[in-house]
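Each value in this text was obtained by applying a stated rule to the coordinates, not by laboratory testing. All figures in this text were calculated on a predicted structure; none of them were measured in a lab. Don't worry about glycine lacking a Cβ; one is built from the backbone with ideal geometry, like all the others, and counts go over all protein chains shown.
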Amino acid sequence: MSNIDGSGLTTGWTGAAGALFRNQLSAAKVEWIRAARSTDVQRLRVSPTTVVMRYVQFILGFVCTLSLACSSAPLSPSTRALSDSDEVLARAFEQHTSNLQVEGQGVIQRVLSDDNNGSRHQRFVLALSSGQTLLIAHNIDLAPRVVGLREGDIVSFSGEYQWNAEGGVIHWTHRDSSKRHPPGWIRHNGEVYQ
């Protein structure tokens, strides 16, 4: 058995095959040593802050992956559709579109006083996950008042989008007794108001 280049690796191969093997092994060893040296040089150039940030990124990525992999409840179709509805509403706002039947979900940013001019409307401002805000105008002459609205509450809705410069208005959040318009609704704390 012969020792190759002082590496401590031995092989019983002799002749042309042994020489070829030893040359390939030596070339691989030289490449490995070069790579290790260049990595050591790169490591010397990395600041401690960068090392900590990489470690934090790794841990956060691991935790996120683990939490998604261990989640026992799959996302419902309505949860997956929320980002789609935000995209539809963003597009409607950008294109100044109105009379568009939409569904979505947001967080109450402000609870406003009722609008008592003409048909009475309960009003509140929702912020979507995209950052867009919507005024919800819920007709309380045709549907029950949404009980217990507070800033920070999550509200789902179905209604008609009307463009305005502040993000848009959602109305028709109730049933149409003449059945000429798709029914709308508001969901808050497990209750549906229509």
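Numbers below:
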item: Cα-based radius of gyration of the range 100-150 once divided by 2.2 N^0.38 Å, which approximates compact folds; result: 1.17
item: Extension gain, Gln95 back to Ser177 (0.36 nm per residue minus Cα-Cα distance, nm); result: 26.4 nm
item: Charge dipole magnitude, Cβ of K and R +1, D and E -1 - the range 78-194, Cα centre, debye nearest 20; result: 280
item: Cleavage-rule hits (trypsin sites (Lys or Arg not before Pro)) in the range 95-166: DSSP loop, at most 10 neighbouring Cβ within 10 angstrom; result: Arg150
